[in-house]
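The values are calculated or read from the model by the stated rules, or taken from the named source; none is laboratory data. Computed from a prediction, not measured in an experiment: that's the story for all the values here. Glycine also receives a Cβ, built like all others from the backbone with ideal geometry; neighbour counts cover every protein chain displayed. Protein only, heavy atoms only, side chains kept; ligands, DNA and RNA dropped before computing areas. Shrake-Rupley method; radii C 1.70, N 1.55, O 1.52, S 1.80 Å.
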Amino acid sequence: MQVPELCREHGMSSATFYKWRAKFVGMDASLTCLMKSIEDENRRLKKMFAELSMQNEVLKEALEKIDRPSQRRGVSIVLACRTFGVSKTCNRYSPKLSDENEQIADLLVGLTAAEDLGVWAMFSVSAQRAGHGWNHKRVYRIYRELNLRIKPRKQMKRDKPDSLMVPTGPNMTLSMDFMADRLRDGWTFMLFNVLDDFNREGLGIEVDSS
């Protein structure tokens, strides 16, 4: 079959036929498919390299804290979220304030003005009075946003405080105190120490998580 007839039958131009013949001459079907897959893989790697280069530029700008919006204008939201490990849903989320927040804030302000209570005592009282199952973290967040300051309790001051007793022997006066520390994995623990004031001997140490 002549080349023009073959091209006319398959709906292609003669220039395309000669271009393909120069490119794939001497190859069978398997080698042609392999070359096609290599070209697709090369195209995919080029696209991946371009995205990684863009992510690297975005990270450099974030670390250097340079405000250059003209260079970040071409970065898509998908690429930026993938670079910083943030989901698109979290990026587009806008918090919806509930009417209960104002109700909780009014209760906290009223309890602070009327009673000398801590935040957790106020939480239990406000939850019992309102009859709602509010989360304690939600109440504490609103409490911090209100920036409430509870008046400290007045301490009684003695006119003539008693002088400290100086022990003359062991087992006369003891001192106790608490200590706290944190492990490498973040777990906190406390120690209850009892010391002899005379020779500073550790008579007892209790260790527990609370």
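Tally up the residues in region 162-182 that are without any contact (Cβ under 8 Å) to a residue 12 or more places away in the chain and within 12 Å of Val207 (Cβ to Cβ), please.
Initially, region 162-182 is screened for residues without any contact (Cβ under 8 Å) to a residue 12 or more places away in the chain, giving 162-166, 180-182.
Okay, now just the ones that are also within 12 Å of Val207 (Cβ to Cβ), so 180-181.
Residues that pass the stated criteria total 2.
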query: With respect to Leu79, is the statement that it is open to solvent by less than 80 Å² (accessible area, probe 1.4 Å), of a type outside the set (D, E, K, R), within 30 Å of Lys47 (Cα to Cα) and at pLDDT below 75 true?
result: yes
message: Yes or no: region 21-34 includes at least one residue that is open to solvent by 100 Å² or more (accessible area, probe 1.4 Å), aromatic (Phe, Trp, Tyr) and out of contact with any strand residue (DSSP E or B) (no Cβ under 8 Å at 6 or more places or on another chain).
response: no
task: Tell me which residues, restricted to region 111-139, are at pLDDT 75 or above and out of contact with any helix residue (DSSP H, G or I) (no Cβ under 6 Å at 6 or more places or on another chain).
output: Asn135, Lys137, Arg138
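Among the candidates Met165, Met156, single out the residue that is at pLDDT below 80, loosely packed, with under 10 Cβ neighbours inside 10 Å and over 30 Å from Asp208 (Cα atoms). Steps first, please.
On the way: Met165 fails: at pLDDT below 80.
Among Met165, Met156, only Met156 is at pLDDT below 80, loosely packed, with under 10 Cβ neighbours inside 10 Å and over 30 Å from Asp208 (Cα atoms).
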